[in-house]
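Below is one structure; the comments refer to it alone.
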Amino acid sequence: MHAALGKKRTVICFLLPAVLVYTISVILPIFWSGYYSLFDWNGIGEKIFVGIGNFQELIGDQELWSSAWKTIVYTFFQVVLQVGGGLLLALLLTKIVVGRKIFQTLYYIPVIISSVALCQMFKKIFAVQPVGLFNQLLALINPDWIRLQWISNVKTSLGMVIFTAGYKDMAVYMLIFFAALLSVPPSLKEAARIDGASGFQIFWKITLPHLRPTIAANVILVLNGALRVYDIPRLLTMGGPVLSSETQALYMYKMAFTSMRYGYGSAVAMFIVAEALFLALVVKKLLKTEE
């Protein structure tokens, strides 16, 4: 078996289907979007070549930059919630001996629930009419809080999107970190304990350095998903109220399919691709580790 896997031809045969699927579903659409971004086109009629005209328009598009800023804020908190929260949950799992599988399953349930069902659930929990569970609990502290708006409030709508998305995907990174924590050599921890190191010192000096490659990979994965997020803000707030939770992917969709400016929407898509690649390279550089 090891001899077969060591042959380049065998490795290529295993990788080829995944590479083909990725090329067809990701790489080719990026090139097509780049091509369409050079035209003024409504998606149906004649394409009018405008060169870099769409990209020049991007520079002065205030709504785009507003949605991009909201996406950056959303992405930052997703890194904190999904990577930081996933690491915390993984550390807690390593401390549990009895019933660990039960907790793993309970933590992972939000991941397998569809985004539609999850957003509907949170709409009910934070509803005002009829009063949802969250406001009912707040009313026990202060009766005036029973009418607080959450999802439909300009100041809190983006926060609700951030919380919902973080809650849904946190367990994915919990499992990745849990597997990485199990690979940390126990002998190093034991030697540190014998030398009198505290639990925090063991984590900071031994566990965390072993996790740096995993942290870098998880941060890049979260960046990749967060910068092009569409489903949660679309289902939970529709980008509102007053565009307060509109992400750049929602704006791209609006330009391409609502305003029928397919060429300009493709230019926004290329902006998102360039932004994701740039931030991924920055993160990789910052978290680069020696072999």
Study note, to complete from the structure: If amide H atoms are modeled at 1.01 Å from N in the peptide plane, then the residues at a separation of 5 or more from Asp40, or on another chain, having amide H under 5 Å from its own are Ile48, Phe49, Val50
Check your understanding: Going by a ≥ b ≥ c, the root eigenvalues of the Cα gyration tensor, does the range 96-170 fall in the rounded group (a/c under 1.5), the prolate group (a/b larger than b/c) or the oblate group?
Key -> prolate
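Would you work out the relative contact order for the range 37-106, in percent, from Cα pairs under 8 angstrom that are 6 or more residues apart? Could the numbers behind the result be given before it?
Details: 25 pairs, mean separation 10.9, N = 70.
Computed value for the range 37-106: 16 percent relative contact order.
The range 1-66: which GluC sites (Glu not before Pro) are DSSP loop and have at most 14 other beta-carbon atoms within 10 angstrom?
Working: sites: Glu46, Glu57, Glu63; in loops: Glu46.
Loop-located and lightly packed - Glu46.
Using just the helices of the chain, give the 222 nm mean residue ellipticity in deg cm²/dmol: DSSP H runs with n ≥ 4 each add -39,500 (n - 2.57), and the total is spread over all residues, rounded to 500.
Working: 16 runs with 189 residues, N = 291.
Result for the chain, helices only: -20000 deg cm²/dmol.
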Review point. What ratio of Cα Rg to 2.2 N^0.38 Å holds for the chain?
Key: 1.22
**Study point:** Semi-axis lengths (Å, descending) of the ellipsoid that matches the C-alpha gyration tensor of the range 74-232
**Key:** 36, 18, 15
Exercise for review: Using a 10 angstrom cutoff on alpha carbons, build the Gaussian network for the chain and name the most mobile of Leu137, Leu250, Leu20.
Suggested key: Leu20
Practice item. Please work out the C-alpha center-to-center distance from the range 11-26 to the range 252-291 and express it in whole Å. Key: 22 Å
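Sorted by packing (mean other beta-carbon atoms within 10 Å per residue), highest first, where do 125-135, 33-43, 108-118 land? Write out the running numbers ahead of the final one.
Numbers: 125-135: 14.6, 33-43: 17.9, 108-118: 13.0.
Taking the mean over residues of other Cβ atoms within 10 Å, the ranking is 33-43, 125-135, 108-118.
Mind checking Rg over Rh on the range 156-273, alpha carbons, Kirkwood formula for Rh? Intermediate values should be presented prior to the final figure.
Details: Rg = 20.8 Å, Rh = 17.3 Å.
Rounded to two decimals, Rg over Rh is 1.20.
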Practice item. Pairs of Cα atoms under 8 Å, at least six residues apart: use those to get the relative contact order of the chain, whole percent. Key: 29 percent
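For the range 243-291, compute Rh as the Kirkwood radius over C-alpha pairs and then the Stokes-Einstein diffusion coefficient at 25 °C and 0.890 mPa s; write the answer in µm²/s, rounded to an integer. Intermediate results must be reported in sequence, preceding the final value.
Working: Rh = 12.3 Å.
Stokes-Einstein gives a translational diffusion coefficient of 199 µm²/s.
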Practice item. Show me 76-83, 265-272 ranked by packing, highest mean number of other Cβ atoms within 10 Å first. Key: 265-272, 76-83
Exercise for review: Would you mind telling me which residue in Val184, Val21, Val172 has the biggest mean-square fluctuation in a Gaussian network model of the chain, where springs connect alpha carbons within a distance under 10 angstrom?
Suggested key: Val21
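With the cut-off at 1.5 for a/c, could you classify the range 1-136 from its C-alpha gyration tensor as rounded, prolate or oblate? If you can, show how the numbers build up before the last one.
Details: a/c = 2.48, a/b = 1.17, b/c = 2.12.
The shape class here is oblate.
Quick note: the coordinates plus some simple rules give every number you see, no bench work behind them. Source: prediction; values computed, not measured. Every residue, glycine as well, gets a Cβ built from its backbone with ideal geometry; the counts of neighbours run over all protein chains shown.
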